[in-house]
1. What distance in nm lies between label points placed 7 Å from Cα along the C-beta direction at B:Ala54 and B:Asp217?
2. What distance in nm lies between label points placed 7 Å from Cα along the C-beta direction at B:Asp97 and B:Glu180?
3. Can you give me the long-range amide H partners of A:Ile31? Hydrogens built in the peptide plane at 1.01 Å from N, cutoff under 5 Å, separation of 5 or more residues or another chain.
4. So how much slack lies between B:Arg107 and B:Ala163, counting 0.36 nm per residue of separation and subtracting their Cα-Cα distance, in nm?
5. Give me, ordered by chain and number, the residues 5 or more places off B:Ile236 or on other chains with an amide H under 5 Å from its own placed amide H.
6. Per residue of B:82-90, how many C-beta atoms from partner chains lie within 10 Å of its own C-beta, taken as a mean?
7. Using 17 Å as the cut-off for backbone N distance, which residues of segment B:99-129 belong to the label zone defined by a point 7 Å from the Cα of B:Asp187 along Cα→Cβ?
8. May I ask you to derive the FRET efficiency for B:Asp28 and B:Arg155 from their Cβ-Cβ distance with R0 = 51 Å, giving the value to the nearest 0.05?
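All of the numbers you see were taken from the coordinates with simple rules; none came from a lab. Only a predicted model underlies this, so the values are computations on that prediction, with no experimental measurement involved. Here the Cβ positions follow ideal geometry from the backbone for every residue, glycine too, while neighbour counts run over all protein chains shown.
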Amino acid sequence: MTTPGRLPEPYGQGQSANLADILERVLDKGIVIAGDIRINLLDIELLTVKLRLVVASVDKAKEMGIDWWESDPALSSHARRDELTRENAELRERLRELESGRAPREAP
Amino acid sequence: MTGLRYVYAVCRPFGAALQSQLRGVAGDPPRLLNHHGLIAVVSHVPETDFSEEALRARLEDLDWLAATARAHQQVIDALTVVTTPLPLRMATVFRDDSGVRVMIEEREDDFRRTLDRLEGRVEWGVKVYVEADPESAAQPAQPARRAASGRDYLRQRRMQTRAHEDRWARAEELAARLHETLSSRADDTRLHAPQNPALSGAAGRNVLNAAYLVRRDVSEEFVEMVDRAKDDVPGIRVELTGPWAAYSFAGEETAREEDTGTREKGVGPPEEDAGEGT
């Protein structure tokens, strides 16, 4: 094996919870080169903001039985297919309630 | 073969082979495109997903984005095992191989300089979280709204605020100390914005989100240092990820000042916190 140097075993990788870490690097870092396919980087920045709010929570949200992001057509192809848009507002409201219910415990 | 060219990374030629079962973002195995003594790691991707218009829509599709990001990271990871790759931002796409070659020619000096800087180094991610206060968890949610009078309410608020500030101060101190210690073993560091606390899958509030560029032969020692810090202070959690390719250090060095600016944001209580706790 011709590894360029000994490395410790990977930490905190391969877990689904790590999606936020992966996206943070793959989408936000790395060298930026304009290819032939011009993607407006601003689009990606905006997306990243959206992701900071949403993606990091996916696993947790699913755990809690909340999957409103799956019904947001801007965020999921499922939603576009299934037209669950109307439920979206309702689920967002539910998330807000749960979030505010959690607040006193986390932030005394 | 038709299709577009998706570029993952640029690196120097390396002797070892990539895992034969490795697949890129669209299921196509990554190939090595050798030009001017540099290697672009490339795979073929279909126009249906990666043309300008399609890609814009695809990037907004969370499921697709997550799968693509993971595939991208997998290729970079495989490269990190055998060499020191210079990772490109996700979705860097060219029409054909000659487009990739032109890109290499235009930037070869930059590539070489950056590859020299990163050579033999990997990135480690360290995050510090403040966990829920054990005391307030022990006497669960008697929030201030139960106060008998306005004065009681204000007193309770003050006490809560003080306890809260103490915990933040401890966390800030630990994060600063840890960062200083770890920096001594790193060739470069970046402080990233904390990951969204309310929504991240991780428990607690992310107060430090740092990346360290560390030599491979120092990595073991670096990991031990993080391990030792882990149990230092109750209520504060330290999380290590890596080894990553040097994503956070791939940009030109001018990026440094901008990133250092996130330090104030990175360590210390966010402002919106003042309004919480009721």
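1. 4.7
2. Modelled inter-label distance: 5.5 nm.
3. B:Leu88, B:Arg89
4. Details: separation 56, 0.36 × 56 = 20.16 nm, distance 5.34 nm.
So the chain would gain 14.8 nm between B:Arg107 and B:Ala163.
5. Under 5 Å from the amide H of B:Ile236: B:Glu131.
6. Taking all residues of B:82-90 together, the mean is 5.
7. B:110-125
8. Numbers: r = 66 Å, r/R0 = 1.29.
Result of the calculation: an efficiency of 0.20.
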